[in-house]
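Participant: Mind looking over this structure? Questions follow.
The values are calculated or read from the model by the stated rules, or taken from the named source; none is laboratory data. What you are looking at is a predicted structure, and each value in this text was computed from that prediction instead of being measured. Glycine also receives a Cβ, built like all others from the backbone with ideal geometry; neighbour counts cover every protein chain displayed.
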Amino acid sequence: MIAMKILLLNDRIPPEGKGGAEAVVWRLAVGLRAAGHQVHIAAATEHESFDKLRDGIETHHLRARYPERFRSWLSLYNPQTARAFQRLLGCLQPDVVNAHNVHTWMSWHSLRQARDFGCRVVFSGHDCMPVVYGKMSFFVKPDGGQALSPTAYRLPRLHNLRENRLRYNPFRNPLIRRALGHAQAVSVPSQALADVYAVNGLPPAQVVPNGIDLKAWTPVQPELLSRLRGRFGLEGKRVILFAGRLTRGKGVEQLLAALDRLRDSQPNARLLALSSRSIESQVPARFRHLLSMICSAGWLEGKELRAAFQLADVVAVPSIYLDTFPTVNLEAMALGRPVIATCFGGSRELVQNGETGYIINPFDSETFAQRLQILLADGELRARMGRRGRERVAAHYRLEQQVAAMIELYKDAL
């Protein structure tokens, strides 16, 4: 094997960035390094620029900060990072530049810079931002079925103008398509996102599912589980875990509507929310009566995060937008927990309905509640689905498999 020098780009990385894409990029970097390659990461920071060695990986943080209302313009070319990135290319001279989320700070211009410098460029998409300005939900029909044709993902005429008004940039999408033309290869984590790219005139994308390091995602000691259960007041409770901010797009209203239906049949049910914000500020007014059934764990990492998943009887991922390949699904299944996941996006490619969990339309609160009721009441079913989930991850979604697929993309680009 010939070792490559690989530079990964992302707007943020942990611990500054705490989203799913940030975690995916970091895990990929760790996996590439373990495979014998020299790995660097370039990301933005709102502080002064700095370099730092983290877990054996050189990270380069470029200062960038501007008001969000200018993103449709500065995401195309950000002078705050462009010059610093050019110097970094000259210093590192990477063989491959793998850009990920560059739609805010690092800017789409970085793809052209890497190509002009003579690097081979691979773009890895994690969301629908090359098409829309945020979460893509225009195709979602609350009363519709789960099956969708890829044509449903085609951007409606004038959609971005109607949604963004004064922040609309008529040049944004054409220039993003041009920027993606500088990449020799494009990868996405799910067929759902590949379909979004295809029907909206973006370059063909190869599906490379995200993976997880099963050696790192192992059960924690019983003492830690017992301590967290006591800390969160979950003794004798049935636990539904939700990871992330309780936002409209993440399906908080649909989840709470389902929880409301369980009050009589499952009075010991508790929603364990892994969110850094106060729960009171995130729960809509019409669901305030459910606050006693909601427990906030705050933002957890490392062993405590794994322990939180182990405390769960079921994990809920009810997004009402195209959630491309939720990391929460992988983490739950890696620890043997059944998942009730949205039909919108890539969850249905990972979660096997009736085998490793359930796929639901979150707007169907009756079915959502029924699926929760079934799993909360049947420990044998939970164990069987959880076991099959971990087996599925081990067979198809290990980090080593993702790394191997990305290395092949890099080699093809070279």
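Participant: If you check ARG178, ARG248, which single one turns out to be closer than 19 Å to CYS343 by Cβ and either part of a helix (DSSP H, G or I) or out of contact with any strand residue (DSSP E or B) (no Cβ under 8 Å at 6 or more places or on another chain) (or both)?
Facilitator: Within the list ARG178, ARG248, the selection yields ARG248.
Participant: Which members of region 156-175 meet the condition of being aliphatic (A, V, I, L, M) and assigned to a loop (DSSP other than H, G, I, E, B)?
Facilitator: Listed by number, the list holds a single entry, LEU158.
Participant: Checking the condition touching a Cys at 6+ places or on another chain (Cβ under 9 Å) and surrounded by fewer than 16 Cβ atoms within 10 Å (Cβ to Cβ), which residue from GLY134, GLY90, GLY118 passes?
Facilitator: So the residue among GLY134, GLY90, GLY118 that is touching a Cys at 6+ places or on another chain (Cβ under 9 Å) and surrounded by fewer than 16 Cβ atoms within 10 Å (Cβ to Cβ) is GLY134.
Participant: What residue, of LEU271, LEU291, LEU228, is touching a helix residue (DSSP H, G or I) at 6+ places or on another chain (Cβ under 7 Å) and either over 29 Å from GLU349 (Cβ atoms) or assigned by TED's automatic domain parsing to the domain that holds ALA34 (or both)?
Facilitator: Every option except LEU228 fails the conditions.
Participant: Please count how many residues of region 53-92 are over 10 Å from TRP105 (Cβ atoms), out of contact with any Phe, Trp or Tyr (no Cβ under 8 Å at 6 or more places or on another chain) and in a loop (DSSP other than H, G, I, E, B).
Facilitator: 3
Participant: Continuing with this model, one more query. Looking at region 277-296 only, could you name the residues that are closer than 16 Å to LYS237 by Cβ and in contact with an Asp or Glu (Cβ under 8 Å, 6 or more places away or on another chain)?
Facilitator: Result: LEU290, LEU291.
Participant: For region 207-233, name all the residues that are of a type in the set (Asp, Glu) and farther than 14 Å from LEU330 by Cβ.
Facilitator: Matches in region 207-233: GLU223 only.
Participant: Of all the residues that make up region 39-55, how many are more than 24 Å from the chain's Cα centre (by Cα) and free of Cβ contacts under 8 Å to residues at least 24 places away in the same chain?
Facilitator: Selection size over region 39-55: 6.
Participant: May I ask you to list the residues in region 98-112 that are part of a helix (DSSP H, G or I), surrounded by 23 or more Cβ atoms within 10 Å (Cβ to Cβ) and of a type outside the set (Gly, Ala, Ser)?
Facilitator: Passing the criteria: only LEU111.
Participant: So, of the residues in region 362-413 that are acidic (Asp, Glu) and modelled with pLDDT of 95 or more, which turns out to be farthest from LEU32 (Cα to Cα)?
Facilitator: GLU366
Participant: For region 252-370, list the strands (runs of 3 or more DSSP E) that sit wholly inside it and hold at least 2 residues that are in contact (Cβ under 8 Å) with a residue 40 or more places away in the chain and under 18 Å from the mean Cα position of the chain (by Cα); which are they?
Facilitator: So the answer is 314-317, 339-342.
Participant: To continue, here is another question. Could you list all residues from region 14-63 that are in contact with a helix residue (DSSP H, G or I) (Cβ under 8 Å, 6 or more places away or on another chain), crowded, with 20+ Cβ neighbours inside 10 Å and at pLDDT below 95?
Facilitator: Residue satisfying the conditions is GLY20 alone.
Participant: Sort through LEU376, LEU330 and tell me the only one that's under 26 Å from VAL131 (Cα atoms), among the aliphatic types (A, V, I, L, M) and out of contact with any helix residue (DSSP H, G or I) (no Cβ under 6 Å at 6 or more places or on another chain).
Facilitator: After applying the criteria, what remains is LEU330.
Participant: Within region 194-241, restricting attention to residues that are in a loop (DSSP other than H, G, I, E, B) and among the β-branched types (Val, Ile, Thr), which residue is farthest from the chain's Cα centre (by Cα)?
Facilitator: In this case the residue turns out to be VAL220.
Participant: Could you please tell me which pairs satisfy a Cβ distance under 8 Å, a separation of 6+ or placement on different chains, a first residue in region 189-201 that is surrounded by fewer than 20 Cβ atoms within 10 Å (Cβ to Cβ), and a second residue that is among the basic types (Lys, Arg)?
Facilitator: Correct list of pairs: VAL199/ARG154; ASN200/ARG154; GLY201/ARG177.
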